[in-house]
Amino acid sequence: IDVPVFDSIDTITEENNIRYSFSNTLKGLTASSLNAKFILSQSYSLLDTDEPFSPLLAETTLSFNGLNLSINASYDVDDSILTEFIGSVKLNGKTGFIGVGKNLRRSTELDQYTFIAGLNNPIKIMSRSLPISLRGTLWYDVNSKDIQQMNVTSLYDSQCWGLMASFTRKTDEYQIVLGFQFKGLGTARFGFPDIPIVFSDTQGSSLIVDPNSSDEYKGPSF
């Protein structure tokens with residue numbers, strides 16, 4: 001008789017928890033259509049443990065007159081410390097948007113700010129309107145006091161086709177990506193340094209051609 005051998009992956013940790021939560025939702029308040037949602041949740045272990053309470057989780061979303069706010073946080077009640085925080089606020093206007101965010105995760109020593117800004121399609125230059133949108137994103141690392149990554153993307157949207165150009169700068173590298181879109185058919189993207197050519201159709205299928213591959217075969221792959 002073959003007796004199965006179990007390792008730590010097959011082990012199921014014993015749990016006996018009570019989970020409770022409080023939620024509140026507000027919709028359509030005031031003439032500016034204030035919508036808000038707040039959820040507070042936690043669990044309590046019925047097992048014999050020194051720390052029966054799980055971290056306190058808080059989720060908040062709010063939208064009001066073009067202002068969008070989102071917060072997700074985790075608070076360790078035993079150590080009285082905020083362990084995780086992901087929050088952002090974004091202001092949307094007719095011609096563009098601007099926003100700022102905060103990412104904190106103590107387990108991986110992540111402490112980061114994000115900044116976004118952009119102009120909506122169409123962009124008006126003097127008296128002429130161009131079917132172009134522009135978006136910029138910046139990631140700032142608090143620990144190193146340096147910009148981790150910066151991205152600028154522009155889209156040109158015509159009636160039956162479009163163009164995309166993107167520039168990304170990281171600490172020790174950069175990327176430039178160009179794309180073409182034929183509406184109803186698909187898109188093609190390529191860039192440098194060493195970025196494969198990607199063809200995608202409207203159904204989500206893609207064809208990748210890597211001319212810089214070190215393998216013997218340098219043709220397309222699916």
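Coordinate-derived values only; no laboratory data. These numbers were taken from a predicted model, which means no experiment stands behind them. FYI the Cβ positions are ideal-geometry reconstructions off the backbone, even for glycines, and counts take in every protein chain you see.
What does the charge count around S23 come to, taking other residues whose C-beta lies under 14 Å from its C-beta (Lys +1, Arg +1, Asp -1, Glu -1)?
After counting each charged neighbour, the total is +2.
Which far-off residues, 5 or more places away or on another chain, put their amide H under 5 Å from the one on K183, with H placed in the peptide plane?
W161, G162
Treating only the Cβ of Lys, Arg, Asp and Glu as charged (+1, +1, -1, -1), what charge dipole size does the range 85-222 show about its Cα centre? Round to the nearest 20 debye.
In debye, rounded to 20, the range 85-222 gives about 840.
What does the charge add up to near T171, with Lys and Arg as +1, Asp and Glu as -1, over the other residues with Cβ less than 12 Å from its Cβ?
Net of charged neighbours comes to -2.
For the chain, what does the relative contact order come out to in percent, with C-alpha contacts under 8 Å and a separation of six or more?
So the answer I get is 7 percent.
Work out the count of Lys pairs in the chain where the Cα-Cα distance is under 28 Å, with the pair 8 or more places apart or on different chains.
Count of close lysine pairs: 19.
Counting only residues 5 or more places away or on other chains, whose amide H sits under 5 Å from the amide H of V77 once H atoms are built in the peptide plane?
The answer is L56.
I'm spelling it out carefully: the read-out is P(r) over Cα pairs in 10 Å bins from 0, in percent, the candidates are (i) 6, 18, 22, 24, 19, 9, 2, 0, 0; (ii) 7, 24, 22, 12, 7, 5, 5, 5, 5, 4, 2, 1, 0, 0; (iii) 7, 25, 27, 18, 12, 8, 3, 1, 0, and one was derived from this structure. Which label?
The calculated read-out lines up with (i).
Could you work out how much longer the chain between M126 and F182 gets when fully extended? Use 0.36 nm per residue separation minus the Cα distance between them, nm to one decimal.
Roughly 17.3 nm would be gained on extension.
For F53, what is the net charge nearby, where nearby means another residue's Cβ is under 10 Å from its Cβ and Lys, Arg count +1, Asp, Glu -1?
-3
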